[in-house]
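Input: a single structure, listed below in structure tokens.
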Ligand SMILES: Cc1cc2nc3c(=O)[nH]c(=O)nc-3n(C[C@H](O)[C@H](O)[C@H](O)COP(=O)(O)O)c2cc1C
């Protein structure tokens, strides 16, 4: 078990089953810990399946010193994570973003995020890992507007995440982790 930093507080990292989630540890969790955050990771069930299969889930647990959550606890179980000071959802699928905008909390990742949206003083940063087709869904603009109105810091736009048609993005495209980390810094300054 590595030594876990705590100086900045607890960063709740939430990730869903989108491309690039395999780089969550190296792109977000390790740099956040290097900046002094204690990191508590929660995954959607689909992302949990992916990262468990690849061995990343176990590596994240060793690194953070906390269980990685991908399912709700039993009511009789203690809460496995400490209270969170800031949430960052990255990468977030179109599915997870849409459900968050509607207040749907049908998994542990969304339970954290929907509660945080209604909790004053807890910033929520979301990086939607979407393509051009997702963005053309008729409900997408409303979802984004509602999240902005709720105070969510969205990482989006042609400079940080140009939208490509499905299956047409450059194959080894890196996630904009630097922009995500900057948003955490700005939101928690
Ligand atoms: C290999 C693969 C890559 C995917 N990448 C994305 C993606 O980048 N963005 C997205 O919105 N959905 C993507 N999906 C679809 C989501 O995994 C799917 O909608 C899933 O139900 C999302 O569940 P979650 O939001 O609970 O994690 C991908 C699916 C697969 C199999």
| remark: Exactly one of 91, 80 is more than 24 Å from residue 186 (Cβ to Cβ) and touching a strand residue (DSSP E or B) at 6+ places or on another chain (Cβ under 7 Å), and that one is 80
| message | Here's a check for you: in the stretch 41-68, which residue that is in contact with a strand residue (DSSP E or B) (Cβ under 7 Å, 6 or more places away or on another chain), touching a residue at least 40 places away in the same chain (Cβ under 8 Å) and under 27 Å from residue 98 (Cβ atoms) is nearest to the ligand (Cβ to nearest atom)? | response | 47
| field | Residues that are surrounded by fewer than 23 Cβ atoms within 10 Å (Cβ to Cβ) and part of a helix (DSSP H, G or I), drawn from the stretch 30-47 | value | 30, 31, 33, 34, 45, 46
| Any chance residue 136 is without any contact (Cβ under 8 Å) to a residue 24 or more places away in the chain and over 17 Å from residue 93 (Cβ atoms) | no
| note | In the stretch 134-159, residues that are in a helix (DSSP H, G or I), within 16 Å of the ligand (Cβ to nearest atom) and surrounded by 13 or more Cβ atoms within 10 Å (Cβ to Cβ) total 6
| task | Could you tell me which numbered condition residue 130 fails, if it satisfies all but one of (1) farther than 18 Å from residue 42 by Cβ; (2) crowded, with 19+ Cβ neighbours inside 10 Å; (3) without any contact (Cβ under 8 Å) to a residue 12 or more places away in the chain? | result | (3)
| remark: Just one listed residue, out of 75, 67, 91, is out of contact with any helix residue (DSSP H, G or I) (no Cβ under 9 Å at 6 or more places or on another chain) and either assigned to a strand (DSSP E or B) or surrounded by fewer than 16 Cβ atoms within 10 Å (Cβ to Cβ) (or both), and it is 75
| Does residue 91 satisfy the criteria of being more than 21 Å from residue 155 (Cβ to Cβ) and modelled with pLDDT of 95 or more? | no
| field | Members of the stretch 94-133 found to be in a loop (DSSP other than H, G, I, E, B), away from the ligand (no atom under 13 Å from the Cβ) and more than 16 Å from residue 143 (Cβ to Cβ), listed by number | value | 118, 119, 120, 121, 122, 123
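The values are calculated or read from the model by the stated rules, or taken from the named source; none is laboratory data. Worth saying up front: this structure is predicted, and the values here are computed from it rather than measured. Using ideal geometry, Cβ is built from the backbone for each residue, glycine included, and neighbour counts are taken over all protein chains shown.
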